[in-house]
1. Looking at the chain as a GNM with Cα springs under 10 Å, which of Thr142, Thr52, Thr122 has the largest mean-square fluctuation?
2. Given springs between every Cα pair under 10 Å in a Gaussian network model of the chain, which of Met128, Met107, Met98 has the largest fluctuation?
3. So if the hydrodynamic radius of the stretch 3-180 is defined as the Kirkwood radius over C-alpha pairs, what does Stokes-Einstein give as its diffusion coefficient at 37 °C and 0.692 mPa s, in µm² per second?
4. List, in order, the whole-Hz ³J(HN,Hα) value for each residue of the stretch 27-37 obtained from phi through the Karplus relation with A = 6.51, B = -1.76, C = 1.60 and θ = phi - 60°; use x for Gly and Pro.
5. What net charge is computed for the residues neighbouring Gly80, neighbours being all others with C-beta under 15 Å from the C-beta of Gly80, Lys and Arg scored +1, Asp and Glu -1?
6. Consider all pairwise Cα distances in the stretch 83-181 and report the whole-number % of them above 20 Å.
7. Evaluate the distance, in nm, between pseudo-label points positioned 7 Å from the Cα of Ala133 and of Glu67 along their respective Cα→Cβ axes.
8. Along the positive direction of the dipole of the stretch 1-54 (beta-carbon charges: Lys, Arg +1; Asp, Glu -1; about the Cα centre), which of Ala41, Met1, Ala30 reaches farthest?
Amino acid sequence: MSKAILLSGSPNAEGNTVQVLRECAKTIEANGVETEVISLAGMKLHDAMDFTSDDDGFDAVIAKIKEADGLIVGGPVYWGTVRAQLMTALQRIAMASMQQGNFLSRMVGGPIAIARRGGSTTSIQEMMMFYLANDMIVPGSTYWNIVFGQTAGQALQDEEGMNTIRRFGENIAFLIQKIKG
Ligand SMILES: Cc1cc2nc3c(=O)[nH]c(=O)nc-3n(C[C@H](O)[C@H](O)[C@H](O)COP(=O)(O)O)c2cc1C
């Protein structure tokens, strides 16, 4: 069965980002693609250009992504941009792909930004840099993938945002199955 990984860049294990990704995962599963939600909460990632540090656990995540057919990234907006640890994660994944046969090539996916109020579209654009430079395929939805919420759980009350995410999930599953045949 095809599989999509949903990676949360939030430091909060039960925050809005993880909750939104779980809802997206439900839609993807309902449309025939297996999912796994992975959180960066509790991880301290070393820089993509740091080749000397000990294993920080992220190579095991990269190994799962390498085997997947889809990769969705959820970014909480901090200080108007994507959280730095998530951008580090994306750079680590991109470098691993380049070193390991371009495993991101034609993988389906896209970004989701979660914010209280400002910086969500610039954060989508930041994360899109990763997708577009790594030969990936990004479907649209009925709006940009942005969801509003501050305290944990609030994002699920953003009806328009969640409908956008559910349609995005449907499009992810649709595309993966078209490509995999
Ligand atoms: C340090 C910090 C900075 C933040 N900066 C912004 C911001 O620039 N714009 C915004 O709309 N929300 C901002 N927020 C709110 C978060 O984006 C919002 O609470 C989001 O739901 C957090 O997702 P999480 O629960 O998965 O961590 C900030 C929150 C924190 C803790």
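1. Thr52
2. Ranking Met128, Met107, Met98 by mean-square fluctuation puts Met98 first.
3. Details: Rh = 15.9 Å.
The estimated diffusion coefficient comes to 206 µm²/s.
4. Coupling constants for the stretch 27-37: 5, 4, 5, 5, 9, x, 10, 5, 9, 9, 9 Hz.
5. Working: positive: Arg83, Arg116, Arg117; negative: Glu126.
That works out to +2.
6. Across the stretch 83-181, Cα pairs with separations above 20 Å total 44 percent.
7. So the label points at Ala133 and Glu67 sit 2.9 nm apart.
8. Ala30
A short reminder: the numbers here are calculations on the coordinates, not readings from a lab. What you are looking at is a predicted structure, and each value in this text was computed from that prediction instead of being measured. When we count neighbours, we look across all protein chains shown, and the Cβ atoms used for this are built from the backbone with ideal geometry, even at glycine.
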